[in-house]
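Undergrad: The structure's right below; bear with me while I get my questions together.
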Amino acid sequence: WSKEMKVMDKKVGFIGAGNMASAIISGMITAGFKPKNIIASAPTKSHLKSLSDTYGINASTDNADVYKDSEIIIFAVKPHKMNIVLEEFNKNTHPKDVLIISVAAGLKITDIEKHLPSNQRIIRAMPNTPSSIREGVTAICQNEYATANDQENAETLFFSIGEVHHIQEQEMDIFTALIGSGPAYVFYLIESLLESASKMKMDERSKKNMIVSMIAGSARLAYGDDSPLKLRENVTSPGGVTERAIEEFEKNDLKKTILKAIEEAVNKSKELGES
(Lines give C-alpha, C1' and ligand atoms only; values in the text may rest on other atoms or scores of the structure.)
Protein backbone atom coordinates (compact mmCIF):
# COMPACT_ATOMS: atom_id res chain seq x y z
CA TRP A 1 0.00 0.00 0.00
CA SER A 2 2.79 2.42 0.86
CA LYS A 3 4.36 1.89 -2.57
CA GLU A 4 0.99 2.53 -4.21
CA MET A 5 0.50 5.74 -2.26
CA LYS A 6 4.01 6.84 -3.19
CA VAL A 7 3.30 6.73 -6.93
CA MET A 8 -0.21 8.11 -6.42
CA ASP A 9 1.36 11.23 -4.90
CA LYS A 10 3.68 11.77 -7.86
CA LYS A 11 2.93 14.42 -10.47
CA VAL A 12 1.98 12.69 -13.71
CA GLY A 13 1.83 14.56 -17.01
CA PHE A 14 0.33 13.55 -20.35
CA ILE A 15 1.53 14.83 -23.70
CA GLY A 16 -1.49 14.14 -25.87
CA ALA A 17 -5.04 13.81 -24.60
CA GLY A 18 -6.69 11.47 -27.08
CA ASN A 19 -8.60 8.25 -26.46
CA MET A 20 -5.74 6.38 -24.85
CA ALA A 21 -4.72 9.21 -22.52
CA SER A 22 -8.38 9.73 -21.59
CA ALA A 23 -8.76 6.03 -20.82
CA ILE A 24 -5.67 6.00 -18.60
CA ILE A 25 -6.66 9.22 -16.82
CA SER A 26 -10.16 7.86 -16.16
CA GLY A 27 -8.73 4.69 -14.67
CA MET A 28 -6.19 6.58 -12.58
CA ILE A 29 -8.84 8.86 -11.08
CA THR A 30 -11.08 5.88 -10.28
CA ALA A 31 -8.12 4.16 -8.62
CA GLY A 32 -7.50 7.14 -6.34
CA PHE A 33 -4.89 9.31 -8.08
CA LYS A 34 -5.36 12.95 -7.11
CA PRO A 35 -6.68 15.06 -10.02
CA LYS A 36 -4.50 17.99 -8.90
CA ASN A 37 -1.41 15.83 -9.56
CA ILE A 38 -2.40 15.08 -13.16
CA ILE A 39 -1.88 17.46 -16.07
CA ALA A 40 -2.54 16.91 -19.78
CA SER A 41 -1.67 18.97 -22.82
CA ALA A 42 -3.08 18.92 -26.33
CA PRO A 43 -3.68 21.48 -29.09
CA THR A 44 -7.50 21.25 -28.94
CA LYS A 45 -9.04 23.41 -26.23
CA SER A 46 -12.51 21.85 -26.37
CA HIS A 47 -11.21 18.35 -25.72
CA LEU A 48 -8.96 19.56 -22.90
CA LYS A 49 -11.88 21.38 -21.31
CA SER A 50 -13.94 18.19 -21.46
CA LEU A 51 -11.14 16.25 -19.74
CA SER A 52 -10.70 18.95 -17.11
CA ASP A 53 -14.44 19.24 -16.45
CA THR A 54 -14.91 15.47 -16.26
CA TYR A 55 -11.96 14.52 -14.08
CA GLY A 56 -10.84 17.77 -12.44
CA ILE A 57 -7.31 17.48 -13.81
CA ASN A 58 -5.09 20.35 -14.95
CA ALA A 59 -5.02 21.00 -18.67
CA SER A 60 -2.98 23.19 -21.00
CA THR A 61 -2.46 23.79 -24.70
CA ASP A 62 1.24 24.35 -23.95
CA ASN A 63 3.34 21.19 -23.59
CA ALA A 64 5.89 23.18 -21.58
CA ASP A 65 3.42 23.26 -18.66
CA VAL A 66 3.57 19.47 -18.54
CA TYR A 67 7.35 19.33 -18.86
CA LYS A 68 7.81 21.88 -16.08
CA ASP A 69 6.25 20.10 -13.10
CA SER A 70 5.81 16.41 -13.92
CA GLU A 71 7.83 13.64 -12.30
CA ILE A 72 6.45 11.05 -14.71
CA ILE A 73 5.54 12.03 -18.28
CA ILE A 74 3.37 9.76 -20.42
CA PHE A 75 3.78 10.46 -24.12
CA ALA A 76 0.44 9.55 -25.69
CA VAL A 77 0.75 11.11 -29.14
CA LYS A 78 0.74 9.41 -32.54
CA PRO A 79 4.08 7.75 -33.37
CA HIS A 80 4.84 10.19 -36.20
CA LYS A 81 4.60 13.13 -33.76
CA MET A 82 6.94 11.66 -31.16
CA ASN A 83 10.13 13.10 -32.69
CA ILE A 84 8.76 16.64 -32.40
CA VAL A 85 7.57 16.36 -28.80
CA LEU A 86 10.73 14.57 -27.64
CA GLU A 87 12.95 17.30 -29.07
CA GLU A 88 10.68 19.89 -27.48
CA PHE A 89 10.83 18.06 -24.14
CA ASN A 90 14.62 17.91 -24.34
CA LYS A 91 14.81 21.71 -24.65
CA ASN A 92 12.30 22.48 -21.88
CA THR A 93 13.44 20.46 -18.89
CA HIS A 94 16.15 18.36 -17.24
CA PRO A 95 15.16 15.07 -18.85
CA LYS A 96 17.15 12.71 -16.61
CA ASP A 97 15.16 13.83 -13.56
CA VAL A 98 11.93 12.64 -15.20
CA LEU A 99 10.68 9.13 -15.95
CA ILE A 100 9.42 8.92 -19.53
CA ILE A 101 6.68 6.45 -20.38
CA SER A 102 5.79 6.05 -24.05
CA VAL A 103 2.52 4.50 -25.22
CA ALA A 104 3.20 5.27 -28.91
CA ALA A 105 2.49 2.14 -30.94
CA GLY A 106 5.49 0.65 -32.72
CA LEU A 107 8.03 3.19 -31.48
CA LYS A 108 11.08 1.41 -30.06
CA ILE A 109 13.00 2.52 -26.99
CA THR A 110 16.09 3.10 -29.15
CA ASP A 111 14.03 5.48 -31.33
CA ILE A 112 13.16 7.48 -28.22
CA GLU A 113 16.70 7.39 -26.80
CA LYS A 114 18.28 8.99 -29.85
CA HIS A 115 16.37 12.23 -29.20
CA LEU A 116 17.41 12.46 -25.54
CA PRO A 117 20.55 12.60 -23.41
CA SER A 118 22.22 9.33 -22.50
CA ASN A 119 21.05 7.63 -19.29
CA GLN A 120 17.46 8.81 -19.78
CA ARG A 121 15.06 6.56 -17.87
CA ILE A 122 12.47 5.20 -20.31
CA ILE A 123 9.61 2.73 -20.07
CA ARG A 124 7.59 1.65 -23.06
CA ALA A 125 3.99 0.64 -22.38
CA MET A 126 1.05 -0.57 -24.41
CA PRO A 127 -2.32 -0.38 -22.64
CA ASN A 128 -5.70 -1.03 -24.25
CA THR A 129 -8.91 1.01 -24.01
CA PRO A 130 -10.72 -1.10 -21.34
CA SER A 131 -8.25 0.71 -19.07
CA SER A 132 -10.97 3.37 -18.78
CA ILE A 133 -13.05 0.95 -16.69
CA ARG A 134 -10.01 -0.55 -14.94
CA GLU A 135 -10.23 -3.73 -17.04
CA GLY A 136 -7.21 -3.00 -19.22
CA VAL A 137 -4.22 -5.12 -20.10
CA THR A 138 -0.88 -3.31 -20.33
CA ALA A 139 2.52 -4.61 -21.39
CA ILE A 140 5.63 -2.79 -20.20
CA CYS A 141 9.33 -3.01 -20.92
CA GLN A 142 12.17 -0.67 -20.03
CA ASN A 143 15.62 0.49 -21.04
CA GLU A 144 18.76 -0.25 -19.05
CA TYR A 145 18.63 3.07 -17.17
CA ALA A 146 15.14 2.65 -15.72
CA THR A 147 15.50 1.76 -12.06
CA ALA A 148 13.65 -0.88 -10.07
CA ASN A 149 11.75 2.01 -8.50
CA ASP A 150 10.77 3.30 -11.97
CA GLN A 151 9.47 -0.16 -12.89
CA GLU A 152 7.49 -0.31 -9.64
CA ASN A 153 6.00 3.13 -10.29
CA ALA A 154 4.99 2.21 -13.86
CA GLU A 155 3.59 -1.10 -12.70
CA THR A 156 1.54 0.54 -9.95
CA LEU A 157 0.30 3.23 -12.33
CA PHE A 158 -0.89 0.76 -14.96
CA PHE A 159 -2.07 -1.78 -12.38
CA SER A 160 -4.56 0.90 -11.33
CA ILE A 161 -6.24 0.41 -14.72
CA GLY A 162 -6.02 -3.38 -15.06
CA GLU A 163 -3.48 -6.17 -15.54
CA VAL A 164 0.22 -5.48 -16.15
CA HIS A 165 2.60 -7.85 -17.93
CA HIS A 166 6.37 -7.46 -18.29
CA ILE A 167 7.47 -8.58 -21.75
CA GLN A 168 10.57 -8.37 -23.94
CA GLU A 169 10.53 -5.39 -26.28
CA GLN A 170 10.75 -7.62 -29.35
CA GLU A 171 7.34 -9.02 -28.35
CA MET A 172 5.68 -5.60 -28.28
CA ASP A 173 4.45 -5.63 -31.89
CA ILE A 174 2.60 -8.92 -31.45
CA PHE A 175 1.22 -7.69 -28.10
CA THR A 176 0.00 -4.50 -29.80
CA ALA A 177 -1.71 -6.48 -32.58
CA LEU A 178 -3.30 -9.00 -30.20
CA ILE A 179 -4.08 -7.08 -27.03
CA GLY A 180 -3.72 -3.37 -27.80
CA SER A 181 -6.00 -3.70 -30.83
CA GLY A 182 -7.90 -6.70 -29.44
CA PRO A 183 -10.92 -4.83 -28.03
CA ALA A 184 -11.75 -3.63 -31.57
CA TYR A 185 -11.90 -7.25 -32.73
CA VAL A 186 -14.33 -8.10 -29.93
CA PHE A 187 -16.48 -5.07 -30.79
CA TYR A 188 -16.44 -6.14 -34.45
CA LEU A 189 -17.71 -9.55 -33.37
CA ILE A 190 -20.47 -7.90 -31.31
CA GLU A 191 -21.45 -5.79 -34.33
CA SER A 192 -21.71 -8.95 -36.46
CA LEU A 193 -23.72 -10.87 -33.87
CA LEU A 194 -26.07 -7.89 -33.48
CA GLU A 195 -26.70 -7.93 -37.24
CA SER A 196 -27.44 -11.65 -36.95
CA ALA A 197 -30.05 -10.83 -34.29
CA SER A 198 -31.85 -8.32 -36.52
CA LYS A 199 -34.98 -10.49 -36.84
CA MET A 200 -35.44 -10.78 -33.07
CA LYS A 201 -38.22 -8.50 -31.86
CA MET A 202 -36.57 -7.35 -28.63
CA ASP A 203 -35.16 -3.82 -28.45
CA GLU A 204 -31.59 -3.10 -29.58
CA ARG A 205 -30.23 -2.47 -26.07
CA SER A 206 -31.57 -5.79 -24.81
CA LYS A 207 -30.08 -7.60 -27.81
CA LYS A 208 -26.73 -5.93 -27.27
CA ASN A 209 -26.73 -6.69 -23.53
CA MET A 210 -27.65 -10.32 -24.21
CA ILE A 211 -24.73 -10.72 -26.62
CA VAL A 212 -22.26 -8.85 -24.40
CA SER A 213 -23.28 -10.96 -21.38
CA MET A 214 -22.73 -14.13 -23.44
CA ILE A 215 -19.22 -12.97 -24.36
CA ALA A 216 -18.40 -11.89 -20.79
CA GLY A 217 -19.63 -15.20 -19.38
CA SER A 218 -17.70 -17.19 -21.98
CA ALA A 219 -14.55 -15.20 -21.18
CA ARG A 220 -14.93 -15.91 -17.45
CA LEU A 221 -15.40 -19.61 -18.23
CA ALA A 222 -12.18 -19.53 -20.28
CA TYR A 223 -10.25 -18.42 -17.17
CA GLY A 224 -10.59 -21.98 -15.87
CA ASP A 225 -8.30 -24.94 -16.51
CA ASP A 226 -10.06 -26.27 -19.61
CA SER A 227 -8.55 -25.30 -22.95
CA PRO A 228 -10.57 -23.19 -25.41
CA LEU A 229 -10.78 -26.29 -27.62
CA LYS A 230 -12.26 -28.38 -24.79
CA LEU A 231 -14.74 -25.61 -23.91
CA ARG A 232 -15.79 -25.36 -27.55
CA GLU A 233 -16.27 -29.12 -27.78
CA ASN A 234 -18.45 -29.00 -24.66
CA VAL A 235 -20.90 -26.77 -26.55
CA THR A 236 -20.64 -28.53 -29.90
CA SER A 237 -22.94 -31.57 -29.91
CA PRO A 238 -22.50 -33.89 -32.93
CA GLY A 239 -25.08 -33.07 -35.57
CA GLY A 240 -26.26 -30.04 -33.60
CA VAL A 241 -26.77 -26.31 -34.13
CA THR A 242 -23.29 -25.25 -32.96
CA GLU A 243 -21.57 -27.82 -35.16
CA ARG A 244 -23.32 -26.39 -38.21
CA ALA A 245 -22.02 -22.89 -37.41
CA ILE A 246 -18.48 -24.18 -36.74
CA GLU A 247 -18.55 -26.06 -40.05
CA GLU A 248 -19.38 -22.78 -41.79
CA PHE A 249 -16.47 -21.06 -39.98
CA GLU A 250 -14.14 -23.86 -41.09
CA LYS A 251 -15.44 -23.83 -44.67
CA ASN A 252 -14.64 -20.13 -44.89
CA ASP A 253 -11.24 -20.50 -43.20
CA LEU A 254 -12.16 -18.11 -40.37
CA LYS A 255 -9.16 -19.14 -38.26
CA LYS A 256 -6.85 -18.54 -41.22
CA THR A 257 -8.45 -15.11 -41.74
CA ILE A 258 -7.87 -14.23 -38.07
CA LEU A 259 -4.24 -15.39 -38.19
CA LYS A 260 -3.67 -13.35 -41.36
CA ALA A 261 -5.35 -10.28 -39.82
CA ILE A 262 -3.11 -10.44 -36.73
CA GLU A 263 -0.05 -10.91 -38.95
CA GLU A 264 -0.99 -7.78 -40.91
CA ALA A 265 -1.58 -5.86 -37.69
CA VAL A 266 1.89 -6.89 -36.45
CA ASN A 267 3.40 -5.65 -39.73
CA LYS A 268 1.57 -2.35 -39.38
CA SER A 269 2.86 -1.93 -35.83
CA LYS A 270 6.40 -2.44 -37.14
CA GLU A 271 5.78 0.07 -39.96
CA LEU A 272 4.57 2.69 -37.47
CA GLY A 273 7.77 2.26 -35.52
CA GLU A 274 9.90 2.72 -38.62
CA SER A 275 8.09 5.76 -40.06
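Undergrad: Do we have any residue at all in the stretch 205-224 that's free of Cβ contacts under 8 Å to residues at least 60 places away in the same chain, at negative phi and outside any helix (DSSP H, G or I)?
TA: yes
Per-residue answers, yes or no, for (1) more than 20 Å from LEU116 (Cβ to Cβ); (2) at pLDDT below 90:
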{"position": "PHE14", "(1), (2)": "no, no"}
{"position": "GLY18", "(1), (2)": "yes, yes"}
{"position": "ALA23", "(1), (2)": "yes, yes"}
{"position": "LYS34", "(1), (2)": "yes, no"}
{"position": "GLY56", "(1), (2)": "yes, no"}
{"position": "HIS80", "(1), (2)": "no, yes"}
{"position": "HIS94", "(1), (2)": "no, yes"}
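Undergrad: Could you check the stretch 40-62 and list, in sequence order, the residues that are open to solvent by 30 Å² or more (accessible area, probe 1.4 Å) and either part of a helix (DSSP H, G or I) or touching a residue at least 60 places away in the same chain (Cβ under 8 Å) (or both)?
TA: Scanning the stretch 40-62 gives LYS45, SER46, HIS47, LYS49, SER50, SER52, ASP53, THR54, TYR55.
Undergrad: One residue is enough: does the stretch 106-117 have a residue meeting the conditions touching a residue at least 60 places away in the same chain (Cβ under 8 Å), open to solvent by less than 20 Å² (accessible area, probe 1.4 Å) and assigned to a loop (DSSP other than H, G, I, E, B)?
TA: Yes, there is a match, as at least one residue in the stretch 106-117 is touching a residue at least 60 places away in the same chain (Cβ under 8 Å), open to solvent by less than 20 Å² (accessible area, probe 1.4 Å) and assigned to a loop (DSSP other than H, G, I, E, B).
Undergrad: Is it true that LEU231 is open to solvent by 50 Å² or more (accessible area, probe 1.4 Å) and in a helix (DSSP H, G or I)?
TA: In short, no.
Undergrad: A follow-up question, please. Give me the residue from the stretch 155-199 that is farther than 20 Å from LEU99 by Cβ and of a type in the set (Val, Ile, Thr) and, out of that set, modelled with the lowest pLDDT.
TA: THR176
Undergrad: Here are some residues: ILE211, ILE179, ILE174. Which one is of a type in the set (Val, Ile, Thr), farther than 21 Å from LEU259 by Cβ and under 25 Å from the mean Cα position of the chain (by Cα)?
TA: The conditions single out ILE211.
Undergrad: Let me ask something additional. Considering only residues that are outside any loop (DSSP other than H, G, I, E, B) and either modelled with pLDDT of 85 or more or open to solvent by 20 Å² or more (accessible area, probe 1.4 Å) (or both), which ones fall in the stretch 1-12?
TA: SER2, LYS3, GLU4, MET5, LYS6, VAL12, listed by residue number.
Undergrad: Right, next: How about the stretch 63-96: which of its residues are within 24 Å of GLU169 (Cβ to Cβ), in a helix (DSSP H, G or I) and either open to solvent by less than 30 Å² (accessible area, probe 1.4 Å) or not aliphatic (A, V, I, L, M) (or both)?
TA: Listed by number, the residues that qualify are PRO79, HIS80, LYS81, MET82, ASN83, VAL85, LEU86, GLU87, PHE89, ASN90, PRO95, LYS96.
Undergrad: In addition: Would you please list the contacts, defined by Cβ atoms under 7 Å and residues six or more apart or on different chains, that run from a residue in the stretch 153-179 that is assigned to a helix (DSSP H, G or I) to a residue that is open to solvent by 60 Å² or more (accessible area, probe 1.4 Å) and among the basic types (Lys, Arg)?
TA: From residues that are assigned to a helix (DSSP H, G or I), the pairs are THR156/LYS3; GLU169/LYS108; ASP173/LYS270.
Undergrad: Would you be able to say whether some residue in the stretch 261-273 is of a type in the set (Lys, Arg), modelled with pLDDT under 95 and open to solvent by 70 Å² or more (accessible area, probe 1.4 Å)?
TA: yes
Undergrad: Taking only pairs six or more apart or across chains, which ones have beta-carbon atoms under 8 Å, a first residue in the stretch 253-275 that is on the phi > 0 side of the Ramachandran plot, and a second residue that is basic (Lys, Arg) and modelled with pLDDT under 85?
TA: Between residues of the stretch 253-275 that are on the phi > 0 side of the Ramachandran plot and residues that are basic (Lys, Arg) and modelled with pLDDT under 85, there is no close pair.
Undergrad: Which condition number in (1) without any contact (Cβ under 8 Å) to a residue 40 or more places away in the chain; (2) outside any loop (DSSP other than H, G, I, E, B); (3) among the hydroxyl-bearing types (Ser, Thr, Tyr) is the one that SER132 fails?
TA: Only one criterion is unmet by SER132, namely (1).
The values are calculated or read from the model by the stated rules, or taken from the named source; none is laboratory data. Treat the numbers as computed from the prediction; the structure is a model and nothing was measured. Methodologically, a virtual Cβ is constructed for each residue, glycine included, from the backbone with ideal geometry; neighbour enumeration extends over all protein chains shown. We work out accessible area using only protein heavy atoms, side chains counted, and drop any ligands, DNA or RNA first. Shrake-Rupley method; radii C 1.70, N 1.55, O 1.52, S 1.80 Å.
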